[in-house]
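Quick one: this structure, given as structure tokens, is what I'll be asking you about.
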Amino acid sequence: MIDQVKQKINDLLSNGSVKGVVALVHSNGNVAPCLYQKGDDLDKLCLGDTDSAGDARYPLNKVLVTLSRQYPDEVFGVLVRGCDERGLYGLYRLNQLDPERVVPIGIACPQSLALQCECKKPWPDNMMAGKASEGIDQKGVANAECDSQPERFSYWAGQFLKCVKCYGCRDICPMCFCRECSLECEDLVSKGDLPVEIPVFHLVRAMHMADRCIDCGLCDEACPADIPLRLLYKKTALIMNAEFGFTSGINKYEKSPLSLMGPAPEK
Amino acid sequence: MLDFCGIEKERLRARWVSSAEAPEFVEEINDFVKVLKKLGPSPLRKEQVEAVA
């Protein structure tokens, strides 16, 4: 698979259709994001496979957003998995990226990774290499809803109490791109206080994720306190789907119901 | 979302009341207060959160 990707990147760079390609590199024993440009050595290109396939993930779309803000007229390629492609659709919709200036290089995730991520669509629509694995059933939210109301409260209060307010969830999130963040607004969140205000701090982020979260799970991976953030955002996404028939990142040009005024769109 | 996190959803209410509809506003608030009294003190008080978590 990696040879196909290398070939594709080489083609794109040498025929000048892109200025650079955002992908991953093996460097000093680690996997890191890297911008490949014409003439760069592709030998150390990496798909994020270290101990197992795709276990080193990185929000490449976030790098791409930063790049395209700096170089709005250039075209960039980007390595995408299923979740990243959903992210691209979201970022197009939210006017953070121009689909005319992005060339996605889609790779499918192996079954092991799909299972580990509990991913419902571990392949991109536009697949360049790999073979689509089966989507995994999502059971987390239904399981969490089985508990009684006091049980749910003590579970989530316990989780939120662990928060060290490192903002890791926001910083890693490929769909968090606001220049001003509500969670840094001192009128809403007091600086330097721990524990964070329960449940406001985490629910503010959950609400902002409602029409954005693409269920990539990077927040869960990044959280040093192991707060099941993704489960929380999965619930907001389910509410969006139940109320408006909308799921972030599934259709390329679908507008979010939260950005429309007027009666609810037909389901 | 509040319900998902185990907080009684009756504790949050959003109603649209025009400034010309004072009686509706009063009725709404009285009703809300009644509901809240029945629910009792909020589980979100700091000491309470630390006790159950």
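For the stretch A:128-148, give me each residue that is assigned to a loop (DSSP other than H, G, I, E, B) and either within 14 Å of chain B (Cβ to nearest Cβ) or surrounded by fewer than 17 Cβ atoms within 10 Å (Cβ to Cβ) (or both).
A:LYS131, A:ALA132, A:GLU134, A:GLY135, A:ILE136, A:ASP137, A:GLN138, A:LYS139, A:CYS146, A:ASP147, A:SER148 - these are the residues of the stretch A:128-148 that are assigned to a loop (DSSP other than H, G, I, E, B) and either within 14 Å of chain B (Cβ to nearest Cβ) or surrounded by fewer than 17 Cβ atoms within 10 Å (Cβ to Cβ) (or both).
Tally the residues that are in a loop (DSSP other than H, G, I, E, B), away from chain B (no Cβ under 12 Å) and within 14 Å of A:GLN138 (Cβ to Cβ), restricting the search to the stretch A:217-249.
Residues in the stretch A:217-249 being in a loop (DSSP other than H, G, I, E, B), away from chain B (no Cβ under 12 Å) and within 14 Å of A:GLN138 (Cβ to Cβ): 2 in total.
Residue under question is B:ALA20, and the condition is that it be more than 11 Å from chain A (Cβ to nearest Cβ) and not basic (Lys, Arg); does it hold?
yes
Across the stretch A:149-190, which residue is farthest from the other protein chains (Cβ to nearest Cβ) among those that are touching a residue at least 40 places away in the same chain (Cβ under 8 Å) and aromatic (Phe, Trp, Tyr)?
Result: A:PHE177.
Then there's this: Cβ-Cβ below 9 Å, separation at least six or inter-chain, first residue in the stretch B:36-53 and among the charged types (D, E, K, R), second part of a helix (DSSP H, G or I): which pairs?
From residues that are among the charged types (D, E, K, R), the pairs are B:LYS38/B:GLU10; B:GLU50/A:ALA157; B:GLU50/A:LEU161.
I've got another one for you. So A:GLU180 clears everything in (1) in a loop (DSSP other than H, G, I, E, B); (2) surrounded by 14 or more Cβ atoms within 10 Å (Cβ to Cβ) except one condition, right? Which one?
Only one criterion is unmet by A:GLU180, namely (2).
Every read-out reported here was derived from the displayed coordinates using simple, explicitly stated rules and does not represent laboratory data. All values derive from a computational prediction rather than experimental measurement. Don't worry about glycine lacking a Cβ; one is built from the backbone with ideal geometry, like all the others, and counts go over all protein chains shown.
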